[in-house]
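Have a look at the structure below, then the notes.
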Amino acid sequence: MRTPTAVIRERIRPPRSVTLRATVAPTVGSGVPTGTVTFRLGSTILGTATLSGGVATFTTAPFDLPVGNSVAITAIYNGDSLFAQSSGTFLQTVNPASTQTVLSVRPGRAVALQAVRLEAEVGVVAPGAGTPTGVVVFRDVTRNRVLGSAVVDGSGRAVLWSHVGGPLGVHRVRAEYMGDGSYGGSVSGLVGVEVVANGDRLSQVVLRSSMNPSNVGVPVTFVAVVRDGVDGALTPTGTVAFYADGSLLGYGVLRRVRDGVSRAELTVSGLGVGVHDVVARYSGSVVYARSVSGVLQQEVRPPATRGSSVVLQVSPGSPTVYGEPLALTAEAMAPGSSRGRSPETRSPLRLTT
């Protein structure tokens, strides 16, 4: 009996569907085999098709075949009452899908230390499909300097906040998608960012922590309040860079609180155990000069180990009528304490529905 033959007539790019065609014929004599053919990729069954006139046809799902130069696809004829089982293998080339990367930068005009938002959108060129993964590197081509990198998310976007730095003038920036196992890399076009000079108006920066001391792994929000340092007639704009022990934690965008006052926030959870010197550096703007806060010493302690318990009260009790308001009271206590008697007991939290 002749072995089945799987015929695929072209190289493909994932995640394109592929039609597999297996022909089963006797090795001696005559007759037409019947039954089924199972298509395998290694140990994985792609699917099974019924023979018709000695031919079985199966179409793969878009993501069934991985990228590779010699992807082995095996067609296994399962035999019938007259013909024995046989098989055949075909080596298929599956190329990475092509991509295209588009970069946007906002704002397009900033002072040297003002963070801008760089967003790269990585799309797949037909006939490929799906969403690429991996990393995008953002580069200032004017200075041949890497601004940073970001991971491509589930929507195909990678976002980085970074300052461009000097010198003054237009800097050409691009995004470089590095590719992954299934998608090829691509480079965006150049986008211009104009770096302009700072003004000389004075400002004051005050830095606060939402929790100090804190426990390792627990999110802490640093808040920088930037005030106009002259008469309060103008309100500072731009960004604030937060540093711990001289290393950049991230950026926060200033939001207006009232005339003459803005604030920026950054939440972090990666500080290790110990005391960290945290400062906030205001980028300044075309109106304001740069300014910096005093040092805030953030103490980070080991993880909390003491247990606690919560008592929940509902008023009125069960049952109630649909739509009737409920008063929920939650009271957290240290182990072994009695409600209302322990100095460890926190004030109850009450919520009315």
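Each value in this text was obtained by applying a stated rule to the coordinates, not by laboratory testing. These numbers were taken from a predicted model, which means no experiment stands behind them. We place every Cβ from the backbone using ideal geometry, glycine too, and count neighbours over all the protein chains shown.
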* Ranked by Cβ crowding within 10 angstrom, fewest neighbours first, how are Ser203, Ser104 ordered? -> Ser104, Ser203
* Structure fact -> Computed over the chain, the relative contact order (Cα-Cα under 8 Å, seq sep at least six) in percent reads 11 percent
* Structure fact -> the stretch 170-232: relative contact order from alpha carbon pairs under 8 Å, six or more residues apart, as a whole percent, is 27 percent
* To do: Using Cα Rg over 2.2 N^0.38 Å as the read-out, say which of (i) 1.57; (ii) 1.10; (iii) 1.25 was calculated from these coordinates.
  => (i)
* What residue among Pro325, Pro302, Pro62 shows peak mean-square fluctuation when the chain is described by a Gaussian network model with Cα springs under 10 Å? -> Pro325
* **the stretch 91-139: relative contact order as a whole-number percent, Cα under 8 Å and 6+ apart** => 37 percent
* Structure fact -> When the charge dipole of the chain is computed with +1 on Lys and Arg Cβ and -1 on Asp and Glu Cβ about the Cα centre, the Cα farthest towards its positive end, among Gly54, Ser318, Gly294, belongs to Gly294
* Which of Val193, Val135, Val71 moves the most in a Gaussian network model of the chain with Cα springs under 10 Å? -> Val71
* Ranked by Cβ crowding within 10 angstrom, fewest neighbours first, how are Arg106, Arg258, Arg174 ordered? -> Arg258, Arg106, Arg174
* Asked: What size of dipole, in debye to the nearest 20, comes out for the stretch 101-150 about its Cα centre when the only charges are +1 on Lys and Arg C-beta atoms and -1 on Asp and Glu C-beta atoms?
  -> 240 debye
* To do: Sort His276, His171 so that the residue with the fewest other Cβ atoms within 10 Å of its own Cβ comes first and the one with the most comes last.
  => His276, His171
* To do: Starting from the Cα gyration tensor of the stretch 99-196, take the square roots of the eigenvalues, sort them a ≥ b ≥ c, and report rounded, prolate or oblate (rounded when a/c is under 1.5, otherwise prolate if a/b is larger than b/c, else oblate).
  => prolate
* Asked: Where is the GNM fluctuation largest for the chain (alpha-carbon springs, 10 angstrom cutoff): Arg145, Arg172, Arg290?
  -> Arg145
